[in-house]
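Contents: one structure, followed by commentary.
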Amino acid sequence: MTIITIFKYPNSIDQNLFTTLIYCEYLRTLILNFVKRNLFKHIFFDLDHTLWDFEKSSEETLIELYKDFQLEKRMNAPVELFVETFRKVNFSLWAQLDNREITKKYVREQRFPLVFEKLGANPADSPIGMGEEYLRRCPKKANLIEGTIEVLEYLKDDYQLHILTNGFQDVQHIKMSHSNIDSYFESVVTAECSGFSKPNKSMFDYALNLANAKAEESIMIGDNLNADIKGAIGAGIQAIFFNPDEKDHEEELLADIKNLNQLIDLL
């Protein structure tokens, strides 16, 4: 007999049995919450695509740059195609960066010329200073993934919260400050400050040491299956995969969630 059955057909259940089962379910919930909150003490979040809405922030910035730099005259492509091409180029470059095939300097300097090239325009026509302007504007966008504030508010009293990101060192605090989430976190670790990138175990070890945390007391939450999830598991940290697109995988996880608000029931 399940709790669902009890609530669906309450009149068919002996009232003493009904009361006992409800009480047992209540005790089970209390015990589970006690165990979870005493077993885990630290939660490490990825930032971009997990809490901070990179896609929306980037799109808003690119639309501004398209207008301000009069890109339609330079590349003869509509703004929608410019934004989509940037997204694909940027995704490819970050994948190469995670594999240590290129440098962050290369990403910053070459992504817009590569976008021009992909659109059939002369890479040399990419405006001087546009890359720097993108980096100046984009981090100041306050767009967050739905549920971010509610979840951080829920977790803050029971866990020590941290950020673990491969993003550029000089813009992470700007993103967090402008989106008003910086006060929730006790530490922020980037690839640059640690000297390593996710999924390298050394980056997770650095973050654990900085937070004075043990791997078995920690959870990693992120959207990148390789960098966040496999990296955390390799470092002995339990992982929750933020998986809004419901990608297939075979990893053994603490949980696989489609939206952040599911963390409220899990933790």
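What follows is calculated from the coordinates using simple rules that are stated; it is not laboratory data. Every value quoted in this text rests on a predicted model; they were computed, and no experiment measured them. FYI the Cβ positions are ideal-geometry reconstructions off the backbone, even for glycines, and counts take in every protein chain you see.
If we count every other residue with Cβ under 11 angstrom of ALA77's Cβ, Lys/Arg +1 and Asp/Glu -1, where does the sum land?
On the way: positive: LYS73, ARG74, LYS118; negative: GLU72, GLU80, GLU84.
Net of charged neighbours comes to 0.
Ranked by the mean number of other Cβ atoms within 10 Å of their residues, highest first, the peptides 200-207, 137-144 come out as 200-207, 137-144. The label-point distance for ILE128 and LEU266, in a model that sets each label 7 Å from Cα toward Cβ, rounds to 4.9 nm. The Kirkwood hydrodynamic radius of the chain, based on inverse pair distances between different Cα atoms, is 20.7 Å. So what's the net charge close to PRO127: Lys and Arg +1, Asp and Glu -1, counting the other residues with Cβ under 15 Å from its Cβ? Once positives and negatives cancel, what remains is -1. Sequence-ordered 3J(HN,Hα) estimates for the range 235-243 from the Karplus curve with 6.51, -1.76 and 1.60 and θ = phi - 60° stand at 9, x, 9, 5, 10, 10, 8, 7, 10 Hz, glycine and proline given as x.
The mean sequence separation of alpha-carbon pairs under 8 Å and at least six residues apart, normalised by the residue count of the chain, gives a relative contact order of 21 percent. Highest-first packing order for the peptide set 188-196, 40-48 is 40-48, 188-196, based on the mean count of other beta carbon atoms within 10 Å. Annotation: amide H of GLN160 within the under-5 Å range of HIS42, ILE43, sequence separation 5 or more or interchain, hydrogens built in the peptide plane.
Return one quarter of the surface area of the convex hull spanned by the alpha-carbon atoms of the range 54-140, equal to its mean projected area, in nm². It would help to have the intermediate numbers written out before the result.
On the way: hull surface 20.7 nm².
Computed as one quarter of the Cα hull surface, the answer is 5.2 nm².
Database remark: amide H of VAL188 closer than 5 angstrom to the amide H of ILE163 (H placed geometrically; neighbours at sequence offset of 5 or more, or on other chains; Pro and chain starts carry no H).
Taking ASP158, ASP68, ASP98 as the candidate residues, the one with maximal mean-square fluctuation in a Gaussian network model of the chain, Cα springs under 10 Å, is ASP68. Count Lys and Arg as plus one, Asp and Glu as minus one, and take only other residues whose Cβ is under 11 Å from that of ASP46; the net charge is then -2.
Students often check this: by mean Cβ neighbours within 10 Å, which of 230-241, 146-157, 55-66 ranks highest, and how do the rest follow? List each step's numbers first, then the result.
Details: 230-241: 21.2, 146-157: 15.5, 55-66: 18.4.
Averaged packing, sorted descending, gives the order 230-241, 55-66, 146-157.
Of LYS118/LYS247; LYS67/LYS140; LYS140/LYS198, which sit over 20 Å apart, Cα to Cα?
On the way: LYS118/LYS247 28 Å; LYS67/LYS140 18 Å; LYS140/LYS198 24 Å.
In this structure, LYS118/LYS247; LYS140/LYS198 lie more than 20 Å apart at Cα.
Over the chain, what is the percentage of antiparallel beta bridges among all DSSP beta bridges, to the nearest 5? Beta bridges within the chain, antiparallel portion: roughly 5 percent.
To the nearest 20 debye, what is the magnitude of the charge dipole of the chain about its Cα centre, counting +1 on the Cβ of each Lys and Arg and -1 on the Cβ of each Asp and Glu? Could the numbers behind the result be given before it?
On the way: 29 positive and 42 negative charges, 84 e Å.
For the chain, the charge dipole is close to 400 debye.
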